[in-house]
Amino acid sequence: QKALASSERVFEVLDKDRETDRKTASEKIEVKKGKVTFHDVGFSYNGKDPVLRGMSFEVEAGETIALVGPSGVGKSTVINLLLKFYDNQSGRILIDDHEIKDLDHHEVRDMMSLVPQETILFSGSVMDNIRYGNLEASDAEVTEAARAANAHNFIMELSDGYNTEIGERGVQISGGQRQRLAIARAILKDPVILLLDEATSALDSESESLVQEATHNLMQNRTSFVIAHRLSTVKNSDKIAVMDQGKVVELGNHDDLISKGGLYKSLHDLQFK
Ligand code: ADP
């Protein structure tokens, strides 16, 4: 009975249309800068309940934008659309001047790094786990990325340094250490666009400041989208997009939005005070 239910799901997946990619490999479009525009984007997961309804904003190349808003408002959905896990049903999403629907999904994912809330480590050495960000990186490049991610020192304290086995069967490392490994992976990949879903789990204050510094290093010189859970991250963003009912209702930096006294101010008072 169990297998029957599971195999139905397997066939559902097999029957799905492949991801829509309009361009062929020979027509590769190069995205260099990483300016992102959402123009009146509408999206629904099931085709009937709208999640994004006319979402519009623009982020210049190299800027950091924090997505803020009540839970369930569609912050992760914005990230899902950027990664082409789903296609928007209306409006336009542009990276530089290219519509995302015209870009190949491999191409799109190659230029982005996602740092999720929960870092997934696989069984293998620390070196392998970081190198997952760029399989062609040399050992020296991996070490350099680990340094920039504030991970080098704790790695050197592990029993076997970079060769220490981690993951399911290896040594256990703390939440803050996992996050720094994820950041090292992303630094190694050197993406044009960074998508960061900040971890909600509380870290001790030393870990917290190491993670923050590493995050700061990672965001330099690239367009960054952050689903922020820490006030410091939001405050330091070039732009804050406050979302409500599937669209951006306020856009500006921290000081602008506080003095405006709208939704951001109330969210801020509620969440961070
Ligand atoms: P946020 O990140 O702001 O908390 P999400 O983007 O995760 O919000 O979710 C927005 C809405 O879309 C919610 O109502 C959520 O239940 C729904 N949703 C999110 N992911 C999926 C999915 N994969 N399939 C169907 N509905 C989803």
Item checked: Residue in the stretch 196-207 that is of a type in the set (V, I, T) and touching a helix residue (DSSP H, G or I) at 6+ places or on another chain (Cβ under 9 Å) present -> no
Note to self: Cβ-Cβ distance below 8 Å, separation of 6 or more or different chains: which pairs start in the stretch 68-79 with a residue that is in contact (Cβ under 8 Å) with a residue 24 or more places away in the chain and end on one that is near the ligand (Cβ under 6 Å from one of its atoms) and charged (D, E, K, R)?
What the structure shows: V68/K75; G69/K75
Next item on the list: Please work out if S113 is more than 16 Å from the ligand (Cβ to nearest atom), surrounded by fewer than 20 Cβ atoms within 10 Å (Cβ to Cβ), outside any helix (DSSP H, G or I) and not hydrophobic (A, V, I, L, M, F, W, C).
Entry: no
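crowded, with 20+ Cβ neighbours inside 10 Å, over 15 Å from the mean Cα position of the chain (by Cα), of a type in the set (V, I, T) and away from the ligand (no atom under 16 Å from the Cβ): is that true of I93 in this structure? Lay out the reasoning, then the answer.
Numbers: crowded, with 20+ Cβ neighbours inside 10 Å: yes; over 15 Å from the mean Cα position of the chain (by Cα): yes; of a type in the set (V, I, T): yes; away from the ligand (no atom under 16 Å from the Cβ): no.
No: the conditions fail for I93.
Does L135 fit the bill of being buried (at least 17 other Cβ atoms within 10 Å of the Cβ), outside any helix (DSSP H, G or I) and either modelled with pLDDT under 90 or out of contact with any Phe, Trp or Tyr (no Cβ under 8 Å at 6 or more places or on another chain) (or both)?
Considered against the rule, which asks whether it is buried (at least 17 other Cβ atoms within 10 Å of the Cβ), outside any helix (DSSP H, G or I) and either modelled with pLDDT under 90 or out of contact with any Phe, Trp or Tyr (no Cβ under 8 Å at 6 or more places or on another chain) (or both), L135 comes out as no.
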Item checked: Filtered residues of the stretch 159-218 (kept if over 22 Å from the mean Cα position of the chain (by Cα) and hydroxyl-bearing (S, T, Y)) -> S159, Y162, T164, S205
Item checked: Residues being over 13 Å from R178 (Cα atoms) and of a type outside the set (S, T, Y) - total across the stretch 107-126 -> 8
Next item on the list: Confirm whether S56 is surrounded by fewer than 18 Cβ atoms within 10 Å (Cβ to Cβ), within 11 Å of the ligand (Cβ to nearest atom) and over 19 Å from K32 (Cβ atoms).
Entry: no
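Answer yes if at least one residue in the stretch 74-81 is under 19 Å from I227 (Cβ atoms) and either touching a helix residue (DSSP H, G or I) at 6+ places or on another chain (Cβ under 8 Å) or among the aromatic types (F, W, Y) (or both), and no otherwise.
Step one: of the stretch 74-81, the residues under 19 Å from I227 (Cβ atoms) are 74-81.
Right, trim to either touching a helix residue (DSSP H, G or I) at 6+ places or on another chain (Cβ under 8 Å) or among the aromatic types (F, W, Y) (or both) and you get 81.
Scanning the stretch 74-81 turns up at least one residue that is under 19 Å from I227 (Cβ atoms) and either touching a helix residue (DSSP H, G or I) at 6+ places or on another chain (Cβ under 8 Å) or among the aromatic types (F, W, Y) (or both).
If you take the residues in the stretch 70-88 that are near the ligand (Cβ under 6 Å from one of its atoms) and more than 12 Å from the chain's Cα centre (by Cα), which one is surrounded by the most Cβ atoms within 10 Å (Cβ to Cβ)? Give the steps one after another, and end with the answer.
The first filter runs over the stretch 70-88 and keeps only residues near the ligand (Cβ under 6 Å from one of its atoms), leaving 71-77.
Imposing the further condition that a residue be more than 12 Å from the chain's Cα centre (by Cα) reduces the set to 71-74.
Working: S71: 6, G72: 9, V73: 20, G74: 24.
Within the stretch 70-88, the match that is surrounded by the most Cβ atoms within 10 Å (Cβ to Cβ) is G74.
Okay, residues lined up against (1) over 19 Å from A184 (Cα atoms); (2) assigned to a loop (DSSP other than H, G, I, E, B); (3) out of contact with any strand residue (DSSP E or B) (no Cβ under 9 Å at 6 or more places or on another chain):
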| residue | (1), (2), (3) |
| --- | --- |
| K48 | yes, yes, yes |
| V51 | yes, no, no |
| V73 | yes, yes, no |
| F85 | yes, yes, yes |
| H106 | yes, no, yes |
| V142 | no, no, yes |
Notebook entry, point to check: Cβ-Cβ below 6 Å, separation at least six or inter-chain, first residue in the stretch 194-222 and of a type in the set (S, T, Y), second in a helix (DSSP H, G or I): which pairs?
Noted result: S201/G175; S207/G176
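The values are calculated or read from the model by the stated rules, or taken from the named source; none is laboratory data. Since the model is a prediction, treat every value here as computed from it, not as a measurement. Backbone-built Cβ (ideal geometry, glycine too); neighbour counts: all protein chains shown.
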